[in-house]
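Trainee: The structure is given below, and queries will be raised subsequently.
Values quoted throughout were computed directly from the atomic coordinates according to the rules given, and no laboratory measurement underlies them. These figures come from a predicted structure and were not determined experimentally. Here the Cβ positions follow ideal geometry from the backbone for every residue, glycine too, while neighbour counts run over all protein chains shown.
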Amino acid sequence: MAGQATATDQKKAGGRRLALTGNEAVALAIRQVSPDVVAAYPITPQTDIVQYVASFVADGLIDTEFVTVESEHSAMSAVVGAAAAGARAMTATSANGLALMWEVLYIAAGLRLPVVMAVVNRALSAPLNIHCDHSDAMGARDSGWIQLWSEDAQEAYDNLLQAVRIAEDPRVQLPVMVCLDGFIISHALLNVEVIADEAVRAFVGEYRPAYSVLDPDRPVTVGPLDLYDFYFEHKRQQAEAMRTAPEVIREVARDFARVCGRGYDLVEGYRMEDAEVAVVALGSTAGTVRHVVDVVRAEGWPVGLVKPRVFRPFPADEMLSLLGRLGAVAVLDRSDGMAGRGGPLFAEVRSALYRLAEGRASGRSPVTLDFVYGLGGRDLDPVAVRRVYARLREVTGTGKPGPEVTYLGVRE
């Protein structure tokens, strides 16, 4: 959860507190940024975002070209064209819409275009489902996009504003997804501390693209045939930009904190100073886990929570620092990697901890278990989270980890 802004910070930023859904908060952030182009196609549960933006344009509140298209593939193609022409371009989507963009996601990243996209997380078909899980964004995790994950509407709003600066930084120049859980965040009402329009525009600044296909004095070629003579080098440059991104994400977060007092990092640890075990959770579930941490600690057992805010690039060093000394770690995955070995977050966390095992004489790192949960929007309540901590207590007490992957809350 974002750090709370002080009254002085809010006065400095000219901010106010509004009751907003996650979709309203994201749409408001887009209005405040006032991008040159928004191209979009509606899909549940994201539709509200682009509907609000279309209303802002129709009412003359922003000078944005709103492009209505016939599909999500076309939406991403339109913002790629706009960004290549030097425009600040945005879109939003969910689930099957993101999947339909697949080809163009790689094009946006490979062309180093600073597109910002809100992804309201929803299960992918089949079977058809409109509720939350993370299979959409996790399927796109290796497409070259930076991924910021949000715990609530406040963080979705703040992440969207920071995403603009991150994407456009000359050291990065990569597209950014801002992920928020469908319905749980997108349609739930929350008090959101909103920054004044002028403060937002001063924070994001005016976009000055390095190149534009519309600049006749500095002609460039965008998207040419790029065979084995140069393709490898271009991909290496893209990978280096992703390696540089964590430093930029932190710089942008520090600047953002100076505007409104809310601080962010790549990863947030909650009550980790003396924790013996921890749960790793993305998105809105972190709020539920945080509550359970407080309850279990009141009963006398020091447990903690680790919440990655950034999933791409994956903050392996930070995860290792927070988790490396623990006896056991449980990873909560709201998608299944379909590799027979748990979900994508589990694979990344265990990979990070493997370096610890390599460096220890014992060859051991914390026992790491995966709990796949909440597919298709199934609720994860505090009772289920307590069962996860109980499992970790059993592991540390007996030394027997049991099943590596558990499907939490499923009717087996």
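Trainee: Between rounded, prolate and oblate, where does region 255-412 land on the alpha carbon gyration tensor, with a ≥ b ≥ c its root eigenvalues, rounded for a/c under 1.5, else prolate if a/b exceeds b/c?
Mentor: rounded
Trainee: Same structure again: Putting +1 on Lys and Arg Cβ atoms and -1 on Asp and Glu Cβ atoms, find which of 140, 298, 101 reaches farthest to the positive end of the dipole of the chain.
Mentor: Highest projection toward the positive end goes to 298.
Trainee: Next question, about the same structure. Please list the non-local residues whose amide H lies under 5 Å from the amide H of residue 85, H modeled 1.01 Å from N, same-chain partners needing a gap of 5 or more.
Mentor: For residue 85, whose amide H was placed from the backbone, the distant partners under 5 Å are 213.
Trainee: Any idea which of 322, 373, 347 is furthest toward the positive side of the dipole for region 267-408, if Lys and Arg beta-carbons carry +1 and Asp and Glu beta-carbons -1?
Mentor: The residue sitting most towards the positive pole is 347.
Trainee: Once both axes come from the Cα atoms, what is the angle between helix 47-58 and the longest principal axis of the chain, in degrees from 0 to 90, rounded to 10?
Mentor: Roughly 30 degrees, rounded to the nearest 10.
Trainee: For residue 342, what charge total do you get from the other residues with a beta carbon under 14 Å from its beta carbon, if Lys and Arg give +1 and Asp and Glu give -1?
Mentor: Values: positive: 334, 341, 350; negative: 333, 336, 348, 370, 404.
Overall, the nearby charge balance is -2.
Trainee: Which angle from 0 to 90°, rounded to the nearest 10, does the C-alpha axis of helix 285-298 make with the longest principal axis of the chain?
Mentor: Helix 285-298 sits roughly 30 degrees off the main axis of the chain.
Trainee: Specify which residue in the list 224, 252, 238 is farthest towards the positive end of the charge dipole of the chain, using unit charges on the beta carbon of Lys, Arg (+1) and Asp, Glu (-1), about the Cα centre.
Mentor: In the chain, that residue is 252.
Trainee: Starting from 0 in steps of 5 Å, tell me what percent of the Cα-Cα pairs of region 120-259 lands in each bin.
Mentor: For region 120-259, the binned pair fractions read 2, 8, 14, 16, 17, 15, 12, 9, 5, 2, 0 percent.
Trainee: Could you tell me which of rounded, prolate or oblate describes region 207-278, using a ≥ b ≥ c as the square roots of the eigenvalues of the alpha-carbon gyration tensor, with rounded for a/c under 1.5 and, failing that, prolate when a/b is larger than b/c and oblate otherwise? List each step's numbers first, then the result.
Mentor: Working: a/c = 5.63, a/b = 1.87, b/c = 3.00.
Verdict is oblate for region 207-278.
Trainee: Go through 343-352, 279-288 and give me the packing order, highest mean Cβ count within 10 Å leading.
Mentor: Result, highest mean Cβ count within 10 Å first: 279-288, 343-352.
Trainee: Another question about this same structure. Can you tell me the mean projection area, over all orientations, of the convex hull of the chain's alpha carbons? Units nm², please. Display every interim value, and only then the final one.
Mentor: Details: hull surface 86.5 nm².
Hull-based average projected area comes out at 21.6 nm².
Trainee: Rounded to the nearest 500, what is the chain's calculated 222 nm mean residue ellipticity when only DSSP H runs of at least 4 contribute -39500 (n - 2.57) each, over all residues?
Mentor: The helix contribution divided over the chain gives -13000 deg cm²/dmol.
Trainee: Which whole-Hz ³J(HN,Hα) couplings does region 125-141 yield from phi under the Karplus relation 6.51 cos²θ - 1.76 cosθ + 1.60, θ = phi - 60°, glycine and proline marked x?
Mentor: Values per residue, Gly and Pro as x: 6, 9, x, 5, 8, 10, 9, 7, 8, 9, 5, 5, 5, 5, x, 9, 5 Hz.
Trainee: Same structure, new question: For region 305-370, what's the radius of gyration and Dmax over Cα atoms, in angstrom?
Mentor: Using the Cα atoms of region 305-370, the pair Rg, Dmax is 11.6, 34 Å.
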